[in-house]
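First the structure, in the form of structure tokens, and then the observations on it.
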Amino acid sequence: MVDGIYLRYRRSVSQAARKGVLLVAVGVREGGGFDVLDWRGAFAETTEDYEELLTQLWRRGLESVELIVSDGLPAVVSGRQTVVSAARHQLCLAHWFRIWRP
């Protein structure tokens, strides 16, 4: 699962806080547990930043991705197609229900 969380953050303790987005990749274990796999601070949720987040995971040893769950943001979909094109994409349930709610 990948998503962006908008907040004020610091890249280091010596820098002032700034507005941005924290892009987070969360993995789900077979037993249902969750692990934060990686994160990346960015100014916005762009295709390039999601590509970099997913590329960081590959550099760190991620071997395969079967499914990416997200809010359906075009930047996530594009980043997935570039880096892990074999992975399927699915909307998270909250966003799926918002789209299909009468």
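The values are calculated or read from the model by the stated rules, or taken from the named source; none is laboratory data. All values reported here derive from a predicted model rather than from experimental measurement. With ideal geometry, Cβ positions are generated from the backbone for all residues, glycine too; neighbour counts draw on all protein chains shown.
Restricting attention to the range 49-61, the residues that are in contact (Cβ under 8 Å) with a residue 24 or more places away in the chain and either under 22 Å from GLY20 (Cα atoms) or among the polar types (S, T, N, Q) (or both) add up to 7. If only residues of the range 68-85 that are at pLDDT 90 or above and either polar (S, T, N, Q) or farther than 17 Å from GLU45 by Cα (or both) are counted, the one that is farthest from the chain's Cα centre (by Cα) is SER78. From the list SER85, SER64, SER70, SER78, exactly one residue is under 12 Å from ASP3 (Cβ atoms) and either touching a residue at least 12 places away in the same chain (Cβ under 8 Å) or of a type outside the set (Val, Ile, Thr) (or both). Which is it? Exactly one of SER85, SER64, SER70, SER78 is under 12 Å from ASP3 (Cβ atoms) and either touching a residue at least 12 places away in the same chain (Cβ under 8 Å) or of a type outside the set (Val, Ile, Thr) (or both), namely SER70. Taken over the range 25-43, the criterion of being hydrophobic (A, V, I, L, M, F, W, C) and within 12 Å of the chain's Cα centre (by Cα) is satisfied by ALA25, VAL26, VAL36, LEU37, TRP39, ALA42.
Taking the range 45-98 as the range and being assigned to a helix (DSSP H, G or I), among the aliphatic types (A, V, I, L, M) and touching a strand residue (DSSP E or B) at 6+ places or on another chain (Cβ under 7 Å) as the test, the residues that pass are LEU53, LEU57, VAL76, VAL77.
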